[in-house]
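The values are calculated or read from the model by the stated rules, or taken from the named source; none is laboratory data. Small disclaimer: the values here were computed from a predicted structure and weren't measured. Note that we place each Cβ from the backbone using ideal geometry, even for glycine, and neighbour counts take in every protein chain shown. To get the accessible areas, we keep the full protein, side chains included, count just its heavy atoms, and leave off ligands, DNA and RNA. Shrake-Rupley method; radii C 1.70, N 1.55, O 1.52, S 1.80 Å.
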Amino acid sequence: GENVEQHPSTLSVQEGDSAVIKCTYSDSASNYFPWYKQELGKRPQLIIDIRSNVGEKKDQRIAVTLNKTAKHFSLHITETQPEDSAVYFCAASRASNTGKLIFGQGTTLQVKP
Amino acid sequence: ETGVTQSPTHLIKTRGQQVTLRCSSQSGHNTVSWYQQALGQGPQFIFQYYREEENGRGNFPPRFSGLQFPNYSSELNVNALELDDSALYLCASSSGRGTGELFFGEGSRLTVL
């Protein structure tokens, strides 16, 4: 079945460093790739998304890259801050229905002050 | 504009019982998706409703069922509860037929004893 693998499961960085989280997906028809941030006890919140017609998208300190050939996409956070500490989830779906997301297992990011 | 709201926030049931979880979609959204998030895992797609009809289902048994009402609010029903049903149940709404950004509620945490 459709699957999204996410690595690493935990990531610890010093404040100001960069963090990179990687995901691979199995369904070649996937063309919508959102990233969600979930703080403890809170709802997942969309932080950035990318569609397959672009290879990279950036929003301030956050960027996402997509390699459709390799079925691989990554989240890059620069100049990390303690408030970036949370669980991050990648997901994939077809753009025709962004409500049917296949999520990765999550990455717990800890930013040490 | 109100966001996605879910009730109850927490509940405890015993094995074999039945539970109903409720969700009010964000204003203007006609598509509701339900997800199950076990502790330490990514959300898993249960099913989606669009204009009161089921519009896709994940790998969940028939004892997981749902409804969507004319005002686009939704219910998730789980019969014959099992211990493994203990999880956070997330409702998410989107516009169009699920082509817009997905907005999540805070979830209902179900514990089955």
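General observations
- Among the criteria (1) touching a residue at least 24 places away in the same chain (Cβ under 8 Å); (2) more than 14 Å from every other protein chain (Cβ to nearest Cβ); (3) open to solvent by 50 Å² or more (accessible area, probe 1.4 Å), the one B:Leu21 does not fulfil is (3).
- Test result for A:Gln45, crowded, with 18+ Cβ neighbours inside 10 Å and either at pLDDT below 95 or not hydroxyl-bearing (Ser, Thr, Tyr) (or both): no
- Number of the condition not met by B:Ser27 [criteria: (1) of a type in the set (S, T, N, Q); (2) assigned to a loop (DSSP other than H, G, I, E, B); (3) within 11 Å of chain A (Cβ to nearest Cβ)]: (3)
- Breaking point among (1) under 15 Å from B:Gln48 (Cβ atoms); (2) in contact with a strand residue (DSSP E or B) (Cβ under 7 Å, 6 or more places away or on another chain); (3) surrounded by fewer than 17 Cβ atoms within 10 Å (Cβ to Cβ), for B:Thr99: (2)
- For the stretch A:30-41, the set of residues classified as open to solvent by less than 30 Å² (accessible area, probe 1.4 Å) and closer than 19 Å to A:Thr80 by Cβ consists of A:Trp35, A:Tyr36, A:Gln38, listed by residue number.
- Residues being touching a Ser or Thr at 6+ places or on another chain (Cβ under 6 Å), more than 13 Å from chain B (Cβ to nearest Cβ) and either open to solvent by less than 50 Å² (accessible area, probe 1.4 Å) or free of Cβ contacts under 8 Å to residues at least 24 places away in the same chain (or both) - total across the stretch A:12-29: 2
- The residue of the stretch A:85-99 that is farthest from the other protein chains (Cβ to nearest Cβ), among those that are surrounded by fewer than 24 Cβ atoms within 10 Å (Cβ to Cβ) and under 30 Å from A:Ser12 (Cβ atoms), is A:Ser85.
- Residue list for the stretch A:100-113, filter: surrounded by fewer than 20 Cβ atoms within 10 Å (Cβ to Cβ) and more than 7 Å from chain B (Cβ to nearest Cβ): A:Thr108, A:Gln110, A:Lys112, A:Pro113
- Candidate set from the stretch A:83-98 (those that are of a type in the set (Ser, Thr, Tyr) and modelled with pLDDT of 95 or more); member that is nearest to the chain's Cα centre (by Cα): A:Tyr88
- Matching entry among A:Thr80, A:Thr108, A:Thr24, A:Thr65 (being modelled with pLDDT of 95 or more, part of a loop (DSSP other than H, G, I, E, B) and among the polar types (S, T, N, Q)): A:Thr80
- Within the stretch B:98-113, considering residues that are touching a residue at least 12 places away in the same chain (Cβ under 8 Å) and either of a type in the set (Val, Ile, Thr) or farther than 21 Å from A:Ile48 by Cα (or both), the one nearest to the other protein chains (Cβ to nearest Cβ): B:Gly107
- From the options B:Ser65, B:Ser74, residue that is more than 9 Å from chain A (Cβ to nearest Cβ) and in contact (Cβ under 8 Å) with a residue 40 or more places away in the chain: B:Ser74
- The set of residues from the stretch B:40-58 being exposed (fewer than 13 other Cβ atoms within 10 Å of the Cβ), within 11 Å of another protein chain (Cβ to nearest Cβ) and touching a residue at least 12 places away in the same chain (Cβ under 8 Å) is empty.
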